[in-house]
Amino acid sequence: MAERSLFDSSLKRDLGRSFVATLVVLLTIVLTLMLIRTLGLAANAKLAPQDVVLMLGYTALANVSVLLAASLFIAVVGTLGRMYRDSEMIVWFSGGVSLSRFVRPVLQLAWPLVLAVAVLALFVYPWVNERSVKLRDEFERRSDLSRISPGKFQTSADGKRVFFIERDSKDSANGTQVFIYNRFKNSEAVTTARSGRVDVRDDNRYLRLENGQRNEMRNDAESSTVARFGSYETVVGNKLASPNDKPPPKTRSTLDLIVDADRVSMGELTWRLGLPLAAANMVLLGIGLAASSLRRAGNWNLLFALLTFVVYYNLLNLSQAWVASGSMTMALALLLIHGAAFALAMLMLWSKDNLTRRTFWMQMTGR
């Protein structure tokens, strides 16, 4: 009993340390990449600068479930692989501990994390995606002139327009000394006005200019047209999302997906249910993948394990696409991918146990 308690406690302690260290490293890398991407959205006028930190937090929460699963898998493979390299496995195997005996302490550490992955994937993931989409939609509904820095030239997202304004000190929604350059397929136009603003009506953005002129030049002819106007209004930008539009599947709650039960909803639900199943299967696969030769332990198993994780995660995404396209049902996709992974993990543990027993028997009998 004391030996069993020592084995469980020492293994869980090493796994816990490795998991925390791996999670910190992965989280730092992912947050850095997300920060660069979020700053790019702000620089391209797709996100308010003051919302960068909030968007970064939402994006990080949306990816925490995947990071937890990856960190847990790497911790299992890395810890057991180190035990093979340091010949600790020889000590445990000599004491009658089989490889399958490692399953219990590993699962004792892993099950709260797998449960956390399930909660994050089923409930937190759709909520943070909904908040992220709402944050960007609210920014899109603001006046374009209010998003442009006064005194600076700014290019639109499609690269076909250049804006320049001076902000009205009395009303931040209005601009003065407006300059707009438009590039079309066969012509170019320069529009100037003393004042302008952008209004949102019927889910469209309307640019309203007052007291200005428009100079249009055709590329295929040396001619230009000048038109002066007292008031000029046109639709600008893409049509905004209507509150009545159906939200994307990733922003909808798990209960809504179950109620709708269409192919796209079932595809999204397949991904959410598959993530905790994949996390649990990867723990079992990690025990078998970490096993290497007792005489020549190396790092090849870790590289192969990381490749296995990448393949498994891509299959998880493919299962979502298969269900959404109607190629297979959700039950069949879950059984095909995660059932096969579980069977493979059990087969690896059984084969590694038999191989270890034969190795020790041959060494003891001198054969």
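Read-outs throughout are calculated quantities, based only on the coordinates presented, and are distinct from any laboratory measurement. Just so it is clear, the structure is predicted and the values come from calculations on it, not from any experiment. Here the Cβ positions follow ideal geometry from the backbone for every residue, glycine too, while neighbour counts run over all protein chains shown.
Summary table below
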quantity: Pair L135, V25: separation of 7 Å Cα→Cβ label points (nm); calculated: 2.9 nm
quantity: N186-S231 FRET efficiency (beta carbon distance; Förster radius 25 Å; 0.05 resolution); calculated: 0.40
quantity: Highest-first arrangement of 209-217, 303-311, where packing means the average Cβ count within 10 Å; calculated: 209-217, 303-311
quantity: Inter-site label distance for R194 and L54 at 7 Å from Cα along Cβ, in nm; calculated: 3.7 nm
quantity: Too-long pairs where the Cα-Cα distance tops 31 Å, listed order kept, from K12/K352; K134/K185; K185/K246; K46/K250; calculated: K134/K185; K185/K246
quantity: N317 paired with I258, simple spin-label distance in nm, labels 7 Å along Cα-to-beta-carbon; calculated: 2.8 nm
quantity: Nearest-0.05 FRET efficiency for S223 and K246, computed from C-beta distance (R0 35 Å); calculated: 0.15
